Amino acid sequence: MGEMFTFFGLISENHDFLFLSHMILSALIAVVLAKVAMSNLQLVPKGTQNLMEAYVNGVLEMGTDVMGKAHARKYVALVATIGLFVFIANFIGIIPGFEAPSADLNMTLTLALSVFVYYNYVGIKTHGIVKYFAHFTGPVWWLAWLMFPVEIVSHFSRIISLSFRLFGNIKGDDMFLAVILMLVPWVMPLIPFGLLTFGAFLQAFIFMMLTYVYLAGAIVVEEH
């Protein structure tokens, strides 16, 4: 939203600069939160440690429901890091003077490509390239010529699904908030702020859930 005031806009109004500065800020906030939570670990957690432990446990429970506890524990660090970063990148756009870097397709597409490459790498590493791609052919051998290209297209469509879902929702939220701030800048935004905060959390949750689902699909290749 180039027409809205941003603190980084005082330095430069270049779109790429604003996007990169807000993305780096989101990453730094995530790192600082993790560092603070781990700076003084206690047996009975409190403060930031308690919050982060509850978050990680929640992500682990989510993964356990999708792929079992053993696999979920293996990938909980990856999924929790992605979720924390995405949530901060979503939420920061709600704060006046900042923009949500996740409202830029460059960020969401990069995240989607990273997840796509990684879960395919994990699948190939776990089962071998032949067995991994063999499950793309489906359960019936004589339909392999049809199922294989369908599966390939389906997997590549996940990149679009992950990136455009996050981008579209956060971009829409930003535009909605901009209109509200222009029309009624004092009292009414309090309600949208609450809704947009929930939306920021929901989109991060969906991104984490889909990451777990794609990892599970790559690891748990059924024998046909």
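The values are calculated or read from the model by the stated rules, or taken from the named source; none is laboratory data. A quick note: this is a predicted structure, and the numbers were derived from the prediction, not measured. Positions of Cβ are generated from backbone atoms using ideal geometry, with glycine treated the same way; all protein chains shown enter the neighbour counts. Ligands, DNA and RNA are stripped out before the accessible areas are found, and what is left, the full protein with its side chains, is counted by its heavy atoms. Shrake-Rupley method; radii C 1.70, N 1.55, O 1.52, S 1.80 Å.
Considering (1) modelled with pLDDT of 95 or more; (2) open to solvent by 40 Å² or more (accessible area, probe 1.4 Å); (3) aliphatic (A, V, I, L, M), say which one VAL76 fails and leave the rest.
Here VAL76 clears every test but (2).
Quick one: count up the residues across region 38-62 that are open to solvent by less than 60 Å² (accessible area, probe 1.4 Å) and either touching a Ser or Thr at 6+ places or on another chain (Cβ under 9 Å) or basic (Lys, Arg) (or both).
The number of residues fulfilling the criteria is 2.
Considering only region 1-28, state which residues are within 21 Å of LEU109 (Cα to Cα), in a helix (DSSP H, G or I) and either hydrophobic (A, V, I, L, M, F, W, C) or open to solvent by 40 Å² or more (accessible area, probe 1.4 Å) (or both).
Across region 1-28, the qualifying residues are HIS15, ASP16, PHE17, LEU18, PHE19, LEU20, MET23, ILE24, LEU25, ALA27, LEU28.
Sort out which residues of region 57-110 are more than 20 Å from ALA37 (Cβ to Cβ) and of a type in the set (Lys, Arg), and write them in order of number.
Matches in region 57-110: LYS69, LYS74.
Across region 130-150, what is the number of residues that are closer than 12 Å to ALA218 by Cβ and free of Cβ contacts under 8 Å to residues at least 24 places away in the same chain?
2
One line per residue, one yes/no per condition, for (1) in a helix (DSSP H, G or I); (2) open to solvent by less than 60 Å² (accessible area, probe 1.4 Å); (3) under 22 Å from ALA77 (Cα atoms):
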| site | (1), (2), (3) |
| --- | --- |
| GLU151 | yes, yes, no |
| ILE159 | yes, yes, yes |
| ILE170 | yes, yes, no |
| ASP173 | yes, yes, no |
| MET182 | yes, no, no |
| GLY194 | yes, yes, no |
| PHE198 | yes, no, no |
| LEU202 | yes, no, yes |
| ALA218 | yes, yes, yes |
